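Enquirer: Dropping a structure here in structure tokens format, bear with me for questions.
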Amino acid sequence: MNASRRRLTSALCAAVAGLLVLTPAAVSADSGAGIADYGNGCVLDPGNRAATIDSLRFRCNVTQQDQIYRDSSAGAIASGLTNGWVTRPPQLEAVAPALWIGKVFRTGPDGGSLTNRVTGAGIEAFPADVYRASSILDGRLAWALNYAPSPTPQVYDEIREVTPGVWFGYSWWREGAWPLLAAFVLAPA
């Protein structure tokens, strides 16, 4: 196996581990007054979840995604069954649907717990505690998805509701400088 192939295999394995810990959400955040345009087709439409999800997945670049996250408050926490999509890294986007399809939130206004929906069959696995905490990205409040009680305790996710019923978040690895494993979107199923 050549060095290039080993690096790709290692990156995919790390990404898959992060995927299994990703987070979905489902309720609603503060409705803003109208569409937020981040440029070049990257828009958040509070009245159109599908358009917001499409933008986050296919039209917003990394810088725009990070700015959207920074511009958002924690919002409401998801509740119930959610669908999820990986937005980066690109190598993970293509394989993610076979490994992770969302989350099931068992939450109230102050948090609760969740399990991830893994494989195309949506098997529930990898539990996490859900609560408000300071964001790793910017120190402001976000919803923490802490996987310490699961078989993947090194994974830690955080999400914010970017428009009503659409959450954007990050999956981090709790070692060293807390490298980013993946970014993802969640919405009610």
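Enquirer: Which residue is surrounded by the fewest Cβ atoms within 10 Å (Cβ to Cβ), if the candidates are limited to segment 69-82 and must be among the hydroxyl-bearing types (Ser, Thr, Tyr) and within 12 Å of the chain's Cα centre (by Cα)?
Expert: The first filter runs over segment 69-82 and keeps only residues among the hydroxyl-bearing types (Ser, Thr, Tyr), leaving 69, 72-73, 79, 82.
Adding the requirement that they be within 12 Å of the chain's Cα centre (by Cα) leaves 69, 82.
Working: 69: 22, 82: 25.
This residue is 69.
Rundown of residues vs (1) in contact with a Gly (Cβ under 7 Å, 6 or more places away or on another chain); (2) farther than 16 Å from residue 184 by Cβ, yes/no style:
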position: 107; (1), (2): no, yes
position: 114; (1), (2): no, no
position: 135; (1), (2): no, no
position: 140; (1), (2): no, yes
position: 149; (1), (2): no, yes
position: 166; (1), (2): no, no
position: 171; (1), (2): yes, no
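Enquirer: Name every residue in segment 50-71 that is closer than 22 Å to residue 94 by Cα and among the charged types (D, E, K, R), in order of residue number. Spell out how you get there, then give the answer.
Expert: Taking segment 50-71 as the starting set, the residues that turn out to be closer than 22 Å to residue 94 by Cα are 50-66.
Listed by number, the residues that qualify are 54, 57, 59, 66.
Enquirer: Please find, within segment 59-97, the residue that is farthest from residue 133 (Cα to Cα) out of those that are among the basic types (Lys, Arg) and either assigned to a helix (DSSP H, G or I) or out of contact with any strand residue (DSSP E or B) (no Cβ under 7 Å at 6 or more places or on another chain) (or both). Lay out the reasoning, then the answer.
Expert: Filtering segment 59-97 down to residues among the basic types (Lys, Arg) leaves 59, 70, 88.
Then keep just the ones that are either assigned to a helix (DSSP H, G or I) or out of contact with any strand residue (DSSP E or B) (no Cβ under 7 Å at 6 or more places or on another chain) (or both); that gives 59, 70.
On the way: 59: 29, 70: 15 Å.
Here the residue is 59.
Enquirer: Further question on the same structure: Of these, 9, 63, which one is surrounded by fewer than 18 Cβ atoms within 10 Å (Cβ to Cβ) and modelled with pLDDT under 50? Can you show your working first?
Expert: Details: 63 fails: modelled with pLDDT under 50.
None of the other options fit; the residue is 9.
Enquirer: Moving to a separate point now. Inspect segment 25-43 for any residue being closer than 17 Å to residue 171 by Cα, at pLDDT below 95 and surrounded by 13 or more Cβ atoms within 10 Å (Cβ to Cβ) and give the result as yes or no.
Expert: Keep residues of segment 25-43 that are closer than 17 Å to residue 171 by Cα, which gives 25.
Now drop any that are not at pLDDT below 95, which leaves 25.
Still in the list and also surrounded by 13 or more Cβ atoms within 10 Å (Cβ to Cβ): 25.
Yes: segment 25-43 contains one or more residues that are closer than 17 Å to residue 171 by Cα, at pLDDT below 95 and surrounded by 13 or more Cβ atoms within 10 Å (Cβ to Cβ).
Enquirer: Still on this model: Can you tell me which of 100, 85 is touching a residue at least 60 places away in the same chain (Cβ under 8 Å) and open to solvent by 40 Å² or more (accessible area, probe 1.4 Å)?
Expert: Working: 100 fails: open to solvent by 40 Å² or more (accessible area, probe 1.4 Å).
Of 100, 85, the one residue that is touching a residue at least 60 places away in the same chain (Cβ under 8 Å) and open to solvent by 40 Å² or more (accessible area, probe 1.4 Å) is 85.
Enquirer: For residue 56, indicate whether it is touching a strand residue (DSSP E or B) at 6+ places or on another chain (Cβ under 8 Å), open to solvent by 70 Å² or more (accessible area, probe 1.4 Å), over 19 Å from residue 155 (Cα atoms) and aliphatic (A, V, I, L, M).
Expert: Numbers: touching a strand residue (DSSP E or B) at 6+ places or on another chain (Cβ under 8 Å): yes; open to solvent by 70 Å² or more (accessible area, probe 1.4 Å): no; over 19 Å from residue 155 (Cα atoms): yes; aliphatic (A, V, I, L, M): yes.
When the stated conditions are applied, residue 56 does not pass them.
Enquirer: Which members of segment 110-125 meet the condition of being open to solvent by 40 Å² or more (accessible area, probe 1.4 Å) and either modelled with pLDDT under 95 or not in a loop (DSSP other than H, G, I, E, B) (or both)? First the steps, then the outcome.
Expert: Quick first cut of segment 110-125, residues open to solvent by 40 Å² or more (accessible area, probe 1.4 Å) only: 110, 113, 119-121, 123-124.
Within segment 110-125, 113, 119, 120, 121, 123, 124 qualify.
The values are calculated or read from the model by the stated rules, or taken from the named source; none is laboratory data. Because the structure is predicted, anything quoted here is derived from the model rather than measured. A quick note on method: Cβ atoms are made from the backbone with ideal geometry, for glycine too, and the neighbour counts reach across all protein chains shown. The accessibility values were calculated without ligands, DNA or RNA, using every heavy atom of the protein model including side chains. Shrake-Rupley method; radii C 1.70, N 1.55, O 1.52, S 1.80 Å.
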